[in-house]
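The values are calculated or read from the model by the stated rules, or taken from the named source; none is laboratory data. What you are looking at is a predicted structure, and each value in this text was computed from that prediction instead of being measured. We place every Cβ from the backbone using ideal geometry, glycine too, and count neighbours over all the protein chains shown. What goes into the accessible areas is simple: the full protein's heavy atoms, side chains included, and nothing from ligands, DNA or RNA. Shrake-Rupley method; radii C 1.70, N 1.55, O 1.52, S 1.80 Å.
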Amino acid sequence: MMEKLLLRNVDKENSHTIDVYLSGGGYRAFKKALKEMTPDDVVEEVKISGLRGRGGAGFPTGMKWEFAAADVKEPKFFVCNADEGEPCTFKDRVIIEKDPHALIEGMLIGAYATGCRYGYIYIRGEYPIGRKILERAIAEAYERGFLGENILGTDFSFDLYVHSGAGAYICGEETALIESLEGKRGEPRIKPPFPVNAGYLWKPTVVNNVETLANVPLIIERGGKWYSQIGSPDCPGPKLFPVSGKVKRPGVYELPMGTPLEEIIFEHAGGIVKDRKLKAVFPGGASSSVLTSEEINVPMDFPSLAKAGTMLGSGAIMVLDETDCIVKATLRLTEFFRHESCGKCTPCREGTDWLVRILRRIEEGKGSEDDLDVILSISETMENSFCGLGMAAHNPAASTVRKFKDEYLLHVKLGRCPFRSV
C-alpha cells in the first residue's frame, strides 16, 4: 500500500485549519524554498520531479513555470484553477475542503519561483462550502505571516484572493477562466499567445490545477528525484482517481500514476455492484473515449491511455455494468456538453446539438443505421473546434458508436431501448 501523500491530512480532525497543517509539518517546504533556494532552484527541482499538470492537459509544470519566470513583464499573476466542473470529477474538492493549506503552500512556492505578486483561486460556483473554507484558510495564512508584504522577513510579497465562478464548465479552460476572472463572458481565447506570457490583464500568468499544486510542497520537501521515482517514469507522482458508477466502493483513491485501471476498479473500488459484468469504462472523465471490459488492463497515465486511444484527462473513472444502456449513457454525457458549450465556435455549438438530437432519436427507438455514420461525421468536424471542450465533447459518442455498434443497431432494429421494460 502506497504511503498517503496528497491525502495525508484529510482524515485528521479539523484538517482544514492552519494549526493542524502546521503540526504535520505544513509550510516547511515553503520556508525551505524561501530561505534556502533561489527561484531558479525551485523551478529546476520541479522539472526534475517530472510533475505534469493534473487538470487534464498534462503539461510539464516545471516547464510552464520556467516560461513565466523568463517573462520580464510585471506584475505577474498565479492562478489556481479550482473550477472542477466535469461530471463525476470530485478529486480537487477533497483538497479544497480538507487540506486547503496544502493548496495555498503550493501556490506560494509557485509564486516565489515565477516572480508572481498576486494570486487568485478560481473556484466553481457550485462549491460554496469550499469557497468559505479557502477564505478562512487564506485569512489564517495572513495572520501567521505566510501571505502579504515581506513574507517571513524576506523581499517576497504575495497577496491571494478567492474568485467564485458562475457555474460554467468552459471556465475550466484556462483562457476562458482568465476572461471570466477579468469580468467578461467565459469564452476561450486564441492561442498563442499563451497565458504564461499574456494571461490575466495580458500579463504573465501561471494557471495550475488544485491537485497539481498540492504536489509541490512534497517535491520541495523531499526532492524532485524522490518524487520522480513514484509511479510511471514518463509522468511520475501520486494521482487522485475519483471512481464512480457501478462499483462497490466509489470514492477518491490516491495511487501511483500508472496503476492499472483493472486494479483500481476490482481491487480498490471493490469490483462491480452485485458482481455483474463490467460493460464499459470512461477512464478520464466525461470527455474521454470509452474502453471496453477487454481493454482495462492499461496503466492509468497520460502516454499509456493515449496509446490505448483515450486519455487520462482528470483521472475520473466512470464505470458502467451490463445493465446500463450505452446509448443512454452517451446521450446524458453529450447533453452535458451541449448545455456547457459556450457557443463561440460553430463545430462545438452545432455539433453537440446535432449529436444530442441523433442520440436521443436512437435511444427512443426512432433512429436508423445511417445515423451512426452521421455521428462519426459530426465528430470528425468537431475536431476543428476552437478549444478543447469541442475537440473532446464528441469522444463519448464517436467511441461508443465504434465499440458498441451492435447495441446501437439493436435499438434501431427493436424500435426501442432494449434495456427498458416494454
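Surface composition of the range 229-337: carbon plus sulfur atoms hold 50% of the accessible area, using a 1.4 angstrom probe and ignoring ligands, DNA and RNA.
Taking each DSSP H run with n ≥ 4 as -39500 (n - 2.57) and averaging over every residue of the chain yields -12500 deg cm²/dmol at 222 nm. The order of the peptides 235-248, 23-36 by mean Cβ neighbours within 10 Å, most packed first, is 235-248, 23-36.
Looking at this model, which pairs from 98/239; 31/225; 4/76; 366/405; 4/64 are more than 25 angstrom apart at the alpha-carbon? Beyond 25 Å between Cα atoms: 4/76; 4/64.
Under 14 Å of direct C-alpha separation, and excluding same-chain neighbours fewer than eight residues apart, residue 47 reaches these aspartates and glutamates: 66, 234.
Kindly rank 396-407, 127-138 from highest to lowest mean number of other beta carbons found within 10 Å of each residue.
On the way: 396-407: 20.1, 127-138: 18.3.
So the order, starting with the most tightly packed, is 396-407, 127-138.
Seen from residue 256, the other residues with C-beta closer than 11 Å to its C-beta sum to a net charge of -3, counting Lys and Arg as +1 and Asp and Glu as -1.
The listed peptides 164-177, 344-357, ordered by packing as a protection proxy, come out as 164-177, 344-357 (highest mean of other Cβ atoms within 10 Å first).
If one takes the longest principal axis of the Cα atoms in the chain, at what angle in degrees, from 0 to 90 and to the nearest 10, does the Cα axis of helix 39-49 lie? On a 0 to 90 degree scale, this one is about 40.
Here the accessible area of the range 83-177 is 50 percent carbon and sulfur, with a 1.4 angstrom probe and all protein chains present. Counting only protein heavy atoms and a 1.4 Å probe, the range 288-352 has 37 square angstrom of accessible area per residue.
Against the chain, whose longest principal axis comes from its Cα atoms, helix 61-70 is set at around 50 degrees. Summarising the label geometry, the points placed 7 Å from Cα in the beta-carbon direction at residue 132 and residue 23 lie 2.3 nm from one another. Looking at the range 1-60, the accessible area is 52 square angstrom per residue; that uses a 1.4 Å probe and ignores ligands, DNA and RNA. Relative to the dominant Cα principal axis of the chain, helix 326-340 is inclined by about 50°. Computed 3J(HN,Hα) for the range 21-27, one whole-Hz value per residue from the Karplus formula 6.51 cos²θ - 1.76 cosθ + 1.60 where θ = phi - 60°, is 5, 5, 5, x, x, x, 6, glycine and proline marked x. Under 16 Å of direct C-alpha separation, and excluding same-chain neighbours fewer than eight residues apart, residue 403 reaches these aspartates and glutamates: 294, 295, 321, 322, 324, 369, 371, 373. If you take Rg and Dmax of the Cα atoms in Å from the coordinates, which of (1) 22.0, 74; (2) 23.2, 89; (3) 24.7, 75 do you get? Answer label, from the structure shown: (1).
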